[in-house]
1. Return yes when S401 is out of contact with any Leu (no Cβ under 6 Å at 6 or more places or on another chain), small (G, A, S), part of a helix (DSSP H, G or I) and more than 30 Å from E232 (Cβ to Cβ) and no when it is not.
2. Would you call K58 among the basic types (K, R) and either in contact with a Leu (Cβ under 8 Å, 6 or more places away or on another chain) or modelled with pLDDT of 50 or more (or both)?
3. Could you tell me which residue of segment 29-48 is nearest to K404 (Cα to Cα), considering only residues that are polar (S, T, N, Q) and in a helix (DSSP H, G or I)?
4. Just checking: which of the helices (runs of 4 or more DSSP H) contained wholly in segment 221-294 hold 2 or more residues that are surrounded by 15 or more Cβ atoms within 10 Å (Cβ to Cβ), of a type in the set (S, T, N, Q) and at pLDDT 90 or above?
5. What are the residues in segment 57-97 that are crowded, with 22+ Cβ neighbours inside 10 Å and part of a loop (DSSP other than H, G, I, E, B), if any?
6. Out of T418, T386, report the one residue that is under 20 Å from L30 (Cα atoms) and more than 27 Å from the chain's Cα centre (by Cα).
7. Here are some residues: S177, S199. Which one is at pLDDT 90 or above, of a type in the set (G, A, S) and surrounded by 15 or more Cβ atoms within 10 Å (Cβ to Cβ)?
8. Considering (1) of a type in the set (V, I, T); (2) part of a helix (DSSP H, G or I); (3) touching a residue at least 60 places away in the same chain (Cβ under 8 Å); (4) crowded, with 18+ Cβ neighbours inside 10 Å, say which one I352 fails and leave the rest.
Amino acid sequence: MSQLGWIDFSPDDRNKVKNVLAMLSEPGTLDELGIGQVRDGFSGLLFPWVSTIQTRAKYFIIVPRILRDYQALKPAQKKNKTLQKYLLEQENKVAQILDGIHDNNTKGIVGRTRIKSGGVDRRPSVIYWNGLRVLGLVNTKLSLTDFGRQLDNAYHYDEYTHVIHDEGSDDHDSLKSRNLVCIPDLDNSWMDKLRLELSHKESQLLKDKITGTAAISNTIPAQLFKHDLLSEVLNVNVNANSKTEAFDELTAILLKDVVDESCKHYLKAAQEFSLAMEGPHIRYNIQLAKNNDYTHCVDEYQDAYEEWQEKVKTQNLFNSGCADKWLNIAANNGQRNINPVSKKFIQDCCEILEQYNDPKNLLHKRVLIQAERNKGSRSLLKHKLTKDDWVGIRRLDYRWSSAKIIINDIREGLNAST
């Protein structure tokens, strides 16, 4: 019996693998043609503190509160209790509280389905850790595992972190070590009044972090808050028919003069790449439908491909150097590594599609070669499927479907009276 495994290089690598495996269980995330690194490169430029498995904005507040509480424990209370154990206990408790006060219509409670069968599986502290660091809500560059190890081993961490506390509370000196997290208050009874919705104060903190952190000031969430575009974007996207339509609507709104030029540059390139890769993915879906005798789907996707051809031709999407432009932006000028096989596939597709007509079906053939190289025997093209199994990329929305939930939570909190 074969099993999936990996070499354990570091805590960050371990957590990345866990999150990838988690995402593979969600619809629409299978990267059959191997363009995921390029997609993730654009996502990191547009939404650097968001991941596709984040659910609600409140966890950006909950996790720092738990960390602060652990830091404030007396030595006797910490005996035989590591940060990891404490996080697990408290995150399970949070799931139980939120499940108890919110009905089943409330979405996004992490661990809700696992409360009675072992506790939270994908823990909020892991899911949100990178975002917490990017936003400066946790003041460290360490992985969660290394952060916990340092916190467990000593009380003083000057070489690792620095103090930030918005309130400037008189209670600061009572802490046993320097304050490593940024939270809106020192309320020790916060769990007693816990809800999934953000308070006004919590929302204001998150907004200030999103707009005031220099490294992310030109990203999409920051621009939405800075230029008061939240209502326009979120209200439009409520009625969007798909993730694709929602991202296209977002792009149309943000390509305004008021938005920062670098943000527009990245967003425009991301939308172009999303549209460019739709054609190869439709060809893949056509072959998948043929393999499984989904005759009506073949016709449906063939019509979609012809519509796509007309659209990209009208926009003159494929031209000399377009692939290298998209790849360079996604690689963030060499800061990210992109698989050479994936790069060659994208370049070849663009070269074929510069002609638009493609009478020899070269694109279809190239897609099949790439699917084989990317997945080998694991490719969906190698297996008979049920319709429930049929998942994969068609268009990319670069985490926007997750980000807009988080951003809407903050907007609603800002409109709250308390």
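1. no
2. Values: among the basic types (K, R): yes; either in contact with a Leu (Cβ under 8 Å, 6 or more places away or on another chain) or modelled with pLDDT of 50 or more (or both): yes.
Yes: the conditions hold for K58.
3. Only one residue tops the list, namely S43.
4. On the way: elements: 230-238, 243-254, 261-291.
Fully inside segment 221-294 and qualifying: 261-291.
5. A57, K58
6. Just one listed residue meets the conditions, T386.
7. Result: S199 is the single residue among S177, S199 that is at pLDDT 90 or above, of a type in the set (G, A, S) and surrounded by 15 or more Cβ atoms within 10 Å (Cβ to Cβ).
8. Among (1) of a type in the set (V, I, T); (2) part of a helix (DSSP H, G or I); (3) touching a residue at least 60 places away in the same chain (Cβ under 8 Å); (4) crowded, with 18+ Cβ neighbours inside 10 Å, the lone unmet condition for I352 is (3).
The values are calculated or read from the model by the stated rules, or taken from the named source; none is laboratory data. Fair warning: this is a prediction, and the values are worked out from it, not measured in the lab. Quick reminder, even Gly has a Cβ in these numbers, built from the backbone with ideal geometry, and neighbours come from all protein chains shown.
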